[in-house]
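Taken together, the values in this text are just the output of simple stated rules run on the coordinates, not laboratory data. Given the structure is predicted, the values throughout are model-derived calculations rather than measurements. Backbone-built Cβ (ideal geometry, glycine too); neighbour counts: all protein chains shown.
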Ligand code: ACO
Ligand code: ZN
């Protein structure tokens, strides 16, 4: 069993190089790998936070194939956020260099009352470690062009808009593809 990572800092300690912009964290959160007993809670968070929802088979398939990039965040023993990804073979999002392995962030969400505490940042960072573990050279995702919180999060993590997909979402909204090297 790997030791869960602990995040957070003492209330009055302002870290100069804290990974979350030096913000003070009220509560400590931990990250750990998803396990099947987390399924209902993760599906609930997905429904509360995003219009793109999936059946249980979809979540379990990603867990079975790519367990190292399916991460949950816990506060006081309760799951408050998740990220799940897929490793794909595809063309580089930056240059013509043949086929490479790419880590695709399929879905990430943090419960509203736990946002702006660095949990999203930590989830993506941890998932990118998992992508590297699987040999991925780039990470990418699609995001609604109106989703400024998520776009800002990805930009803070070094992602750049590499493409726009018109009418990507079922309601017709466009998506940015955002990508970075790993
Ligand atoms: N407004 C502007 N910038 C924001 C906001 C916001 N509301 N929220 C986060 N950011 C940016 C900021 O730059 C922030 O850094 P700062 O707090 O130092 O300014 C940075 O992102 C990191 O923020 P975190 O606290 O790590 O992010 P959080 O834990 O709040 O999670 C998330 C961000 C996952 C986007 C959350 O808002 C959420 O669950 N939204 C609903 C679901 C969603 O949109 N998911 C992404 C869809 S795309 C996809 O799944 C591939
Ligand atoms: Zn996608």
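Once the C-beta distance of residue 129 and residue 173 is scaled by a Förster radius of 22 Å, the resulting FRET efficiency is 0.10 to the nearest 0.05. Principal axis extents of the Cα atoms in region 5-181, from largest to smallest and rounded to whole angstrom, are 48, 37, 34. Extension gain for the segment residue 161 to residue 147, taken as residue separation times 0.36 nm less the Cα-Cα distance, is 3.7 nm to one decimal. Of interest is the spacing of the C-alpha centroids, which for region 56-75 and region 115-138 amounts to 13 Å. As a proxy for reagent exposure, 171, 56 were ordered by neighbouring Cβ count within 10 angstrom, fewest first; the result is 171, 56. Here the gap between residue 56 and residue 40, fully extended at 0.36 nm per residue and compared with their Cα-Cα distance, gives a gain of 4.9 nm.
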